[in-house]
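Shown next, in structure tokens, is the structure this report addresses.
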Amino acid sequence: MSFLRELDPDDSLAGEHLADTFAGLDGGAIAEHLDESSAEEQAKFLALAVAQGPTAIDLGTSVMARATKARTRAAATTMLCYLCSDQPDLLAPYLADERWYVVRNTVFILGQIGGHEVVELLRFAAAHPDARVRRQVVVSLANVPTEARLPLLAPHLSSSDLRLLATTLNVMARHRAPATVRSLVRQVQAPNFESRGDEHQRLIFNAIAELEDDNAVPTLAALVHKGGWFARLTPQRLAAAQALFRIGTEKALAVLEEGIRSSHEAVRQACLDAMARKAAA
């Protein structure tokens with residue numbers, strides 16, 4: 001192949017013939033053969049495919065979809081990363097594939113490529129009906145610029161899929177900025193937040209606490225003091241007080257100290273419970 005490149009660097013002589021040859025290859029048979037091949041043999045084949053260029057993308061995708069061995073799939077994925085690194089749009093057709101795992105693997109490759117160029121492709125994939133694809137979109141968004149990442153992550157914060165929510169929060173935690181805190185606080189302020197399950201609420205409160213940002217304190221304080229004389233010691237009130245303690249700033253701890261002196265038992269108990277963690281530590 002290297003000799004051919006020297007003779008025909010712009011593919012004007014053999015490019016069309018090679019493209020037709022690759023298009024006619026049986027991806028399933030090749031995947032089956034590669035599954036049983038040594039790592040060295042796999043490397044030789046995939047190097048040949050990379051040298052062929054974009055016309056080998058269909059073959060690489062077919063191998064990735066049909067291989068049964070993780071090593072073969074990983075090799076095909078690496079090949080596609082090389083082939084599409086400068087033109088990720090070449091992967092766009094595979095985002096519409098009817099096989100969810102092909103779409104998921106394509107999204108994984110886009111995440112490995114990263115950058116502004118993959119944002120719109122990931123935006124398209126984010127609407128996929130399969131949750132496994134959507135979770136991979138969230139993971140792949142970790143490798144796009146932060147200003148493009150948050151608008152695509154924020155809609156998942158209200159998801160009832162706790163695995164998707166946890167993955168989203170994990171990716172968001174890598175970008176400690178006021179915009180991230182505002183997105184989380186908006187969830188707590190949403191009219192339907194109380195109707196979400198306790199585990200969903202716990203994940204949101206934990207994420208807010210981990211950011212350790214004073215901008216979240218007023219909203220958390222309002223939750224701690226919510227209800228007046230009719231206040232009850234709810235999981236939400238306890239979670240808000242514990243988040244304040246974990247934020248641990250002077251402003252956050254001042255809310256708890258004030259709450260300990262509250263005339264409302266539920267408020268007082270929530271703050272005492274949170275502060276008791278300090279004594280235990």
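Classify segment 157-204 as rounded, prolate or oblate, taking a ≥ b ≥ c as the square roots of the eigenvalues of its Cα gyration tensor: rounded when a/c is under 1.5, otherwise prolate if a/b is larger than b/c and oblate if not. Oblate, since a/c reaches 1.5 and b/c is not below a/b.
If you plug the beta carbon distance of Asp161 and Ala47 into 1/(1 + (r/R0)^6) with R0 = 30 Å, you get a FRET efficiency near 0.15.
What's the FRET efficiency of Ala127 with Ser263 using the Cβ-Cβ distance as r and R₀ = 41 Å, to the nearest 0.05?
0.25
Assuming a viscosity of 1.002 mPa s and a temperature of 20 °C, what translational diffusion coefficient in µm² per second does Stokes-Einstein assign to segment 137-220, Rh being the Kirkwood radius over Cα pairs? Estimated diffusion coefficient is 168 µm²/s. Can you work out the FRET efficiency for the pair Glu147 and Tyr101, with r the C-beta to C-beta distance and R0 = 30 Å, to the nearest 0.05? The pair Glu147/Tyr101 has a calculated efficiency of 0.45.
Sorting Glu257, Glu98, Glu120 from the fewest to the most surrounding beta carbons within 10 angstrom yields Glu98, Glu257, Glu120.
Straightening the chain between Asn192 and Glu212 buys 4.7 nm, computed as 0.36 nm per residue apart minus the Cα-Cα spacing.
Normalised by residue count, segment 87-175 yields a Cα convex hull volume of 76 Å³ per residue. For segment 119-196, the set of trypsin sites (Lys or Arg not before Pro) satisfying both a DSSP loop assignment and a count of at most 16 other C-beta atoms within 10 Å is given as Arg174, Arg176.
Kirkwood-type hydrodynamic radius, segment 71-129: 11.4 Å, calculated from all non-identical alpha-carbon pairs.
The spread of Cα positions in segment 196-271, taken along each principal axis and listed from longest to shortest, comes to 31, 30, 15 Å. The calculated 222 nm mean residue ellipticity attributable to helices in the chain amounts to -20500 deg cm²/dmol, summing -39500 (n - 2.57) over DSSP H runs of n ≥ 4 and dividing by all residues.
Going from the residue with the fewest nearby Cβ atoms within 10 Å to the one with the most, Tyr82, Tyr94 rank Tyr82, Tyr94. Volume per residue of the convex hull around the Cα atoms, evaluated for segment 142-275, comes out as 90 Å³. Between the amide H of Lys69 and any residue lying 5 or more places away or on another chain, no distance stays under 5 Å, with hydrogens modeled in the peptide plane.
Of interest is the spacing of the C-alpha centroids, which for segment 46-80 and segment 117-159 amounts to 24 Å.
Every number in this text was worked out from the coordinates using simple rules, so none of it is lab data. Computed from a prediction, not measured in an experiment: that's the story for all the values here. For neighbour counting, all protein chains shown are included, and Cβ atoms are generated from backbone atoms with ideal geometry for every residue, glycine included.
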